[in-house]
Amino acid sequence: MITEIESSNSTLNAYHEILADSARATAHSIDTRLAAGDDPGPLAGSILAIKDNLCTTEGHTTCSSRMLENYRSPYDATVITRLLEAGATLVGKTNMDEFAMGSSSETCAWGPVRNPHGNDRVPGGSSGGSASAVGAGLADAALGSDTGGSIRQPAAFCGCVGFKPTYGRISRYGLVAFGSSLDQIGPLARSVRDAALIYEVLGGVDSNDATTSDLAIEPSLADGPIDPSTLRIGVPREHCTDRNHPGVTERLEQAIDSLRNAGATIVDVDLPMTDYGISTYYVIAPAEASSNLARYDGIRYGYRADPRPGESLEELYARTRSEGFGPEVRRRIMLGTYVLSAGYYDAYYKRSLQVRRLIKQEFDSAFAKCDILLGPTSPSPAFRIGAGLDTISMYLNDVYTVNANIAGIPAISIPGGSVEQDGETLPIGLHLQAPAFGESKLLRVASTIESMVRSR
Ligand code: GLN
């Protein structure tokens, strides 16, 4: 398996570092435990890839940034400890957009990641390496992080399942912080069942992360398939617009028809704040990032520019940060610093928090009319590497995903079939959202729709 991963990775660039020795050692110890009649845990035998913004004592934790090129974490993230306790074999650290900022994995300092469904296409981002690895069969599943869609959009682009639980379900201890009020860790997997199993291993309270919830994690799929006739599925009008690739809307309509034929009640819902999500997100996330990334000053750890004689400390900080961070990260830090600065705070940051509240209320009203919201994950399938999307078009990729982070609710992308683009056949994702802490129903509905799509 490791040899196969190494050879395919030279094309896909999904992994930055393959942890061959420690993976072999884990696999060996699992075999020994099995031979001794021990139960090595629910994930024994499964090979998992880890996004490179999750701290691991094995290998490096680079966030795909020159800033952390040589960084080795002295501790494991809680999710890593839980995976190891459950018997998983961690096979490598995956490439991503630098510091998780992006939707294409092109801002990775170690070169762009490629999509297994078309090697000249992006895998999505920022968890693009994780999605590419799972989509190509170079891991059974992977961990990603999702601040505005970074698990779900790459899962959609690479034909896998990507699940972002409710904010607070999974400990963020050991996740390199981007937007702390939005960040959530979750699995990318080949099926809803696998994603649910990993979620159950990862989730639950952690004394190292005060934002984790102590609500019990219910085993989601134990009750078997859900009867569609008991369901009210809400379809937001704002998610079926002509900004979608026509094939994306067609696949969505097919899924709606299958659900209706199986007896589900389909409800039209309005989410008029949808488009405000992007502006709100691109104020709040950079504001939090500008504060979180202030720690990379080149003095305590990470990259440091070569000091020049006579240079002041301020000048050394500035050069370190200009050389260590790539252009997108610098853009976000400047944007975030600006919206938090005296005089602009009220106009941008405070206002965004107010809009955040309205978006949350809009979801509450929508969920009074339906159990689950269904729409596309992204308006289009994977675009070409170097397509040269301007910043705004790149940000608009996240139009359907950011609001789940803004409201803190759980959301999942599942394979929704494929569409034709320039003579190529590319996967697209269906996006399901549920009320906060409604993972159990969300996963059961996702599993039902997954089998409908598979049997088509
Ligand atoms: N694409 C979004 C951004 O660039 C989301 C990133 C994420 O979820 N980490 O910020």
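For region 325-456, a Kirkwood radius taken over Cα pairs fed into Stokes-Einstein (37 °C, viscosity 0.692 mPa s) yields D = 189 µm²/s. Alpha-carbon geometry of region 292-362: the Rg and the Dmax are 16.5, 57 Å, given in that order.
Computed over region 38-120, the quotient of the alpha carbon radius of gyration and 2.2 N^0.38 Å is 1.21. The residues of region 109-189 expose on average 13 square angstrom of accessible surface per residue, using a 1.4 Å probe on protein heavy atoms. Across HIS431, HIS16, the residue with the most accessible area heads the list, and the full order at a 1.4 Å probe is HIS16, HIS431. Taken about its Cα centre, region 1-123 carries a charge dipole of about 140 debye when Lys and Arg each add +1 at the Cβ and Asp and Glu each add -1 at the Cβ.
With a cap of 13 neighbouring Cβ atoms within 10 Å, and only residues DSSP puts in a loop, list the trypsin sites (Lys or Arg not before Pro) found in region 289-354. Qualifying residues, ordered by number: ARG300. Using the Cβ-Cβ distance between ASP209 and ASN261 with R0 = 45 Å, the FRET efficiency computed as 1/(1 + (r/R0)^6) comes to roughly 0.55. Here the dipole of region 358-456 is about 320 debye; that uses its Cα centre as origin and unit charges on the Cβ of Lys and Arg (positive) and Asp and Glu (negative). If you look at the Cα atoms of region 18-78, you get an Rg and a Dmax of 14.1, 46 Å. Using the 1.4 Å probe convention, the accessible area of region 384-456 works out to 33 Å² per residue with neighbouring protein chains retained. Rg/Rh for region 146-254 (Cα atoms only, Rh after Kirkwood) is 1.01.
Summarising the overall dimensions of region 326-399 from its C-alpha atoms, the Rg and Dmax are 16.8, 44 angstrom. Sorting PHE163, PHE383, PHE437 by accessible area puts them as PHE437, PHE383, PHE163; the probe is 1.4 Å, largest comes first, and only protein heavy atoms count.
Segment ASP120..ARG33, full-extension length gain: 27.0 nm, with 0.36 nm per residue of separation and the alpha-carbon distance subtracted. Between SER7 and ASP21, the simple spin-label model (points 7 angstrom out along Cα→Cβ) gives 2.5 nm. Within region 155-198, the ratio Rg/Rh, alpha carbon atoms throughout and Rh by Kirkwood, equals 1.00. Surface analysis of region 201-284 yields an accessible area of 49 Å² per residue, using protein heavy atoms and a 1.4 Å probe. Per residue, the convex hull spanned by the alpha carbons of region 1-142 comes to 96 Å³. In whole angstrom, the chain maps to an equivalent ellipsoid with semi-axes of 32, 28, 21, each derived as √(5λ) from the alpha carbon gyration tensor and ordered largest first. With both residues required to sit in the chain, DSSP beta bridges show an antiparallel share near 70%. The accessible surface of the chain, taken with every protein chain in place and a 1.4 Å probe, is 51 percent carbon and sulfur. Partner lysines whose Cα lies under 29 Å from the Cα of LYS360, excluding those fewer than 8 positions away in the same chain, are identified as LYS51, LYS164, LYS350, LYS369, LYS441.
The values are calculated or read from the model by the stated rules, or taken from the named source; none is laboratory data. The structure presented is a predicted model; accordingly, all values stated were derived computationally and were not measured. Glycine also receives a Cβ, built like all others from the backbone with ideal geometry; neighbour counts cover every protein chain displayed. Each accessible area value is taken on the protein alone, full model and side chains, heavy atoms only, with ligands, DNA and RNA left out. Shrake-Rupley method; radii C 1.70, N 1.55, O 1.52, S 1.80 Å.
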